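Okay, so here's the structure we're looking at.
The values are calculated or read from the model by the stated rules, or taken from the named source; none is laboratory data. Here the structure is a predicted model, which means the values were calculated and not measured. As a convention, Cβ positions derive from the backbone with ideal geometry for all residues, glycine included, and neighbour counts pool all protein chains shown.
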Amino acid sequence: MITVLTYVALITGGLLILMLLLSIFSGLDLDLDLDFGDVEVDGGGGLGILKGFLTFFSIGSWTVRIFLLSQLDPVIAFTVGIAAGGVAVYLLSLFLKFLLSQQENVNWSAQDALLRPGKVYLKIPPDGEGIVKVDLKGTYRELRARATEGQEIPTGTPVLVEDVQSDGIVVVSPHDE
């Protein structure tokens, strides 16, 4: 029994480590995503069904093996092993969710500037375009801009982006900081 548990733990643990390293370093995800019509089944948080299964059996079989080697009752050993496997799946899922939450989306569009404050970089003539600087996702972006009421807005004036046109030009109005 102990030999079987050792093999189960080594094989599932090795596969789990291999899959996690492939996921982290290459972005390759070898996990199962199942789709049942309107219901999508995924482990969530980057863990997935297959990695959860491998984690459960690897940690559970190591725990059972250790408890059996210390001459405990097999029922207690298997109960503790099941609990340890479940806790390990939960903790690994939390860890992977944390790692995924640390990613930052660096893509941006002019729509992200809507209702955001900015400053005029190049003056906006009454019937023309200028440039405003708006803080988008931690970086100041320069966007082409028009004034809302056809007024001239001088350089350095604080503005508020009120609209974004289909061509990516923002419509701004003077705004007090």
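Here 94, 115 are screened, and the one residue that is within 30 Å of residue 17 (Cβ to Cβ), in contact (Cβ under 8 Å) with a residue 12 or more places away in the chain, surrounded by fewer than 13 Cβ atoms within 10 Å (Cβ to Cβ) and under 36 Å from the mean Cα position of the chain (by Cα) is 94. Within the range 151-177, the set of residues being modelled with pLDDT under 90, among the hydroxyl-bearing types (Ser, Thr, Tyr) and under 15 Å from residue 122 (Cα atoms) is empty. Among residues of the range 48-72 that are within 25 Å of residue 96 (Cα to Cα), those with a beta-carbon under 7 Å from a residue that is among the charged types (D, E, K, R) at least six positions away or on a different chain give the pairs 48/31; 48/42; 49/31; 50/31; 51/31. Return the residues of the range 142-159 that are surrounded by 16 or more Cβ atoms within 10 Å (Cβ to Cβ) and not hydroxyl-bearing (Ser, Thr, Tyr); say none if nothing qualifies. Across the range 142-159, the qualifying residues are 143, 144, 145, 146, 147, 153, 159.
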